[in-house]
């Protein structure tokens, strides 16, 4: 963005920067104060694949190298951008259907007989898999029940494993 460093952002009537430049500028403004937690709502929407990937890489690097906590909603990221995510929450009809390591999500869905097709973008596959028609039909209800059952089993297993790691002294 060095080529526009001396430009005004613009206002409602006069657009000086493109939409992508404005979006990247607004992210930059938020980062200037060096927050420890960064919440972003669709930071890649409206950007081309290259710029979206570079935003995801920047956020990933901030999390890894500077210890920032970054929470973001992202719809349909490219497969390259997807693999910059550390943790992932996938939802359908207001319910969590997967929560955990982003890279492990591909293996998880393979284990529950919903494999990501070879060469497919996992994010695109998850969006399609988790889409629900409204009003809901029986096949939507069945899909929600199936995915929910496996997610709850996964959570149960993780909670039990973590309970063994917690050691509390008995009350005095």
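So how far, in whole Å, is the C-alpha centre of region 51-66 from the one of region 97-172? The two parts, judged by their Cα centres, are 25 Å apart.
The order of the peptides 149-155, 100-106 by mean Cβ neighbours within 10 Å, most packed first, is 100-106, 149-155.
Stokes-Einstein diffusion of the chain at 4 °C, 1.567 mPa s viscosity, Kirkwood radius from Cα pairs, rounded to a whole number: 68 µm²/s. Within the chain, DSSP assigns beta bridges of which about 60% are antiparallel (rounded to the nearest 5). Counting other Cβ atoms within 10 Å as a rough exposure proxy, the listed residues 47, 58 run 58, 47 from fewest neighbours to most. Angle of helix 19-32 to the longest C-alpha principal axis of the chain, folded into 0 to 90 degrees and rounded to 10: 80°.
Computed over region 61-139, the Cα gyration tensor eigenvalues convert (square root of 5λ each) into semi-axes of 24, 15, 11 Å, ordered from largest to smallest. Principal-axis analysis of the Cα atoms of the chain puts helix 138-165 at an angle of about 80° to the longest axis.
Readers should treat all values here as calculations from the given coordinates under stated rules, not as data from a laboratory. All of these numbers come straight from a predicted model, not from anything done at the bench. Every residue, glycine among them, receives a Cβ derived from its backbone with ideal geometry; neighbour counts consider all protein chains shown.
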